[in-house]
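S.K.: Please find one structure pasted underneath; my questions will follow.
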Amino acid sequence: MNTKIIFVSGGVISGIGKGVATSSIALLLKSRGFKVTAIKADPYLNVDAGTLNPIEHGEVFVLDDGMECDQDLGNYERFLNQNLNSTNYMTTGQIFKTVIEKERALGYEGKTVEFFQDPPREIIKRIYSCAKVNRAEIVLFEIGGTVGEYQNLLFLEANRLLKLSSPRDILHVHLTYLPIPSSIGEMKSKPAQMSILQLAQAGIHADFVLARSQVAVDDKRKEKIAIACGLAAEDIISAPDVESIYQIPLNFENQELSDKILEKLKTKPRKSDLSDWKIMVNRVLTAKKTAKIAMVGKYFSTGDFTLSDAYLSVIESIRHAASHFDIKPKMRWIDSAQIETEGSGVLKGFDGIIVPGGFGVRAVEGIVSAIKYARENNIPYFGLCYGMQQAAVEFARNVLGYKDANTTEINPKTKHPIIHIMQSQKDNVKYKNLGATMRLGAWEWKTQKGTTFERVYKSTTGSERHRHRYEFNNKYRKEFEKKGLIISATTTDGYLVEAMELKNHPFFVGVQFHPELKSRPLRPHPLYMAFMEAVSKQKKR
């Protein structure tokens, strides 16, 4: 079987779900027995997502090999239930960097390097490399941005060139949007038609159109799009809003999308098995209880809006675990600046509190106040990376009595540097060598016996993904454990603190890593399961 490549583009507006659509198609084809992988191509000039503001771009997702990438890689991993690697992610910055470095090394043997020839060739080379590394028969390739923007033309050109050379092996799926203006009350197909025509202007004829809208797209609109854009009406797939993103693959399959794709790829279909996925979706949709969870963070506010995308994997991980306790979580995103202004009373009535990752000085005292509230009121608390570090600061201040306790990131002159910069990171910060230099990717840990951590994992060793420059100061280990905040996991050499937990508390756990990066809807992360179990018990109390 030749490698098959399915390009996925978007039109009209951003944020309508290209990543989830790509993940859904990948899942459907994997359920048919094919070896599938997915690539995200971001059109910006950044080399990776690690230096991007999460308010502007959303969550930075980290892979096992340390690649800092777009949050869509998280969706790919969650839907495919498999680990990806750096070949599954590319940016225009990466492409240009490689082409220029090759030119500087005389890799083009003195030939002129052409803007619309050589970068697309590099993109194509990377697609096939990804297929080889991941042993994939089918590659989904999501093109970031929307059709009509200048910056993603190189990826579209790679699509066009591949279609010319291997027409039987290349498909294009276009996700577009049909608005229902409130002043009109009628679904309008013209924006969708225009985006499909813009795609055609780049030399690409869409094989399938995924028609996003608030409700299912009717036959009349499908016919309009088909006639205007030279498509078959049956190749226009309705993609309405759903309660859970995990319903989307089932919606596509109800319209026989995988059969249609395989037919156009001249590939013999194989038997489909979505039984486990259907059970999971049913459990999510039929959960009867609710629980209120406060997500206290620093990357929510953007103007008058609240962006939950900054912590997308955390939110999904809570949902993965919650359904196993018959719970539909009600999450409220609380900017820690609000706690600084209004006090920790805003947390009253919540069944659980999470402080996710973050950096910097802004609104940190609000986070410390939230942690103190959770500790003193026996509310289940889960601290992730920055959330563990600030839990250590709060404990040092309010239990050990070190009122000046802090992290050196926040106060370099603190008398009690409970959290300080890792030795290996000092030069990186000093000389501003900041891109892709944090402690990144999967690192192994070992646990202390008899801890909640060991009970939850049912193992004394394991591996989790990291993204940080600061660590717990070992100078304070004995004092912490003497007062009840024990070190429950370390690196395998026993040096770096990986997790800590509070004795005699329903659930008070902080981890230096990001467990949400490995949680899957079919395999919830054990720490999130333990947190939601504690939340469930909290409701009963």
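Coordinate-derived values only; no laboratory data. What you see is a predicted model; the values in this text were computed from it and never measured. Glycine gets a Cβ as well: all are built from the backbone with ideal geometry, and neighbour counts include every protein chain shown.
S.K.: Just the Kirkwood number for the stretch 4-279, please: inverse of mean 1/r across all distinct Cα pairs, in Å, one decimal.
M.R.: Final number for the Kirkwood radius of the stretch 4-279 is 19.2 Å.
S.K.: Please return the longest range in the chain lying between exposed loop sites, taking GluC sites (Glu not before Pro), DSSP loop only, at most 10 other beta-carbon atoms within 10 Å, and leaving the sites out.
M.R.: Counting only loop sites that pass the neighbour cut-off, the longest clear stretch is 244-541.
S.K.: Could you state, as a whole-number percent, how many of the C-alpha pairs of the chain are farther apart than 42 Å?
M.R.: 24
S.K.: Neighbour counts of other C-beta atoms within 10 Å: give me Arg104, Arg126 arranged from fewest to most.
M.R.: Working: Arg104 9, Arg126 21.
By the 10 Å Cβ count, ascending, the order reads Arg104, Arg126.
S.K.: If you keep only loop residues by DSSP, which chymotrypsin sites (Phe, Trp or Tyr not before Pro) in the stretch 83-130 have at most 16 other Cβ atoms within 10 Å of their Cβ?
M.R.: Sparse-neighbourhood loop chymotrypsin sites (Phe, Trp or Tyr not before Pro): Tyr108, Phe115, Phe116.
S.K.: Moving on. Place a +1 charge on the Cβ of each Lys and Arg in the chain and a -1 charge on the Cβ of each Asp and Glu, then give the dipole magnitude about the Cα centre in debye, rounded to the nearest 20.
M.R.: For this selection, approximately 1380 debye.
S.K.: Then there is this: Estimate the FRET efficiency between Ala232 and Lys482 by the formula 1/(1 + (r/R0)^6), using the beta-carbon distance for r and 51 Å for R0, to the nearest 0.05.
M.R.: Using R0 = 51 Å, I get an efficiency of 0.10.
S.K.: Could you work out the helix-only [θ] at 222 nm for the chain, with each DSSP H run of four or more residues adding -39,500 (n - 2.57) and the total divided by the number of residues, to the nearest 500 deg cm²/dmol?
M.R.: Computed mean residue ellipticity for the chain: -10500 deg cm²/dmol.
S.K.: Expected output is a single nm value to one decimal: the length gained when fully extending between Gln82 and Ser244, i.e. 0.36 nm times separation in residues minus the C-alpha distance. What is it?
M.R.: Extra length available between Gln82 and Ser244 comes to 56.3 nm.
S.K.: What order do you get for Thr414, Thr490, Thr461 when you list them from fewest to most C-beta neighbours inside 10 Å?
M.R.: Exposure proxy ranking, most exposed first: Thr461, Thr414, Thr490.
S.K.: Restricting to bridges with both residues inside the chain, how much of the DSSP beta-bridge set is antiparallel, in percent to the nearest 5? If you can, show how the numbers build up before the last one.
M.R.: On the way: 27 of 78 bridges.
Percentage antiparallel, nearest 5: 35.
S.K.: How do Ile354, Ile16 rank when sorted from fewest to most other Cβ atoms within 10 Å of their own Cβ?
M.R.: Least crowded to most crowded, the residues run Ile16, Ile354.
S.K.: Ok, one more. Among the aspartates and glutamates, which fall within straight-line cross-link reach of Lys111, defined as a Cα-Cα distance under 18 Å, with same-chain neighbours fewer than 8 residues apart omitted?
M.R.: Result set, ordered by chain and number: Glu101, Glu103, Glu122.
S.K.: Here is a further query. Mind checking which aspartates and glutamates have their C-alpha under 19 Å from Lys415, skipping anything on the same chain fewer than 8 residues away?
M.R.: Filter leaves Glu365, Glu394, Asp404, Glu471, Glu479.
S.K.: Same structure, new question: What's the magnitude of the charge dipole for the stretch 60-211 around its Cα centre, counting Lys and Arg as +1 and Asp and Glu as -1 at the beta-carbon? Answer in Debye, nearest 20.
M.R.: With Lys and Arg at +1 and Asp and Glu at -1, about 360 debye.
S.K.: Modelling each spin label as a point 7 Å along the Cα-to-Cβ direction, I'd like the Ile100/Leu522 distance in nm, to one decimal.
M.R.: 4.2
S.K.: Could I ask something else about it? Out of the DSSP beta bridges found with both residues in the stretch 221-362, what percent are antiparallel (nearest 5)? Walk me through the numbers on the way to the answer.
M.R.: Numbers: 2 of 14 bridges.
Bridges in the stretch 221-362 are about 15 percent antiparallel.
S.K.: I'd like the Karplus ³J(HN,Hα) series for the stretch 136-146: coefficients 6.51, -1.76, 1.60, θ = phi - 60°, whole numbers in Hz, and an x wherever there's a Gly or Pro.
M.R.: With coefficients 6.51, -1.76 and 1.60, one gets 9, 7, 10, 10, 8, 10, 8, 8, x, x, 10 Hz.
S.K.: Between Thr51 and Gln214, what is 0.36 nm times their sequence separation minus the Cα-Cα distance? Round to one decimal in nm.
M.R.: 55.3 nm
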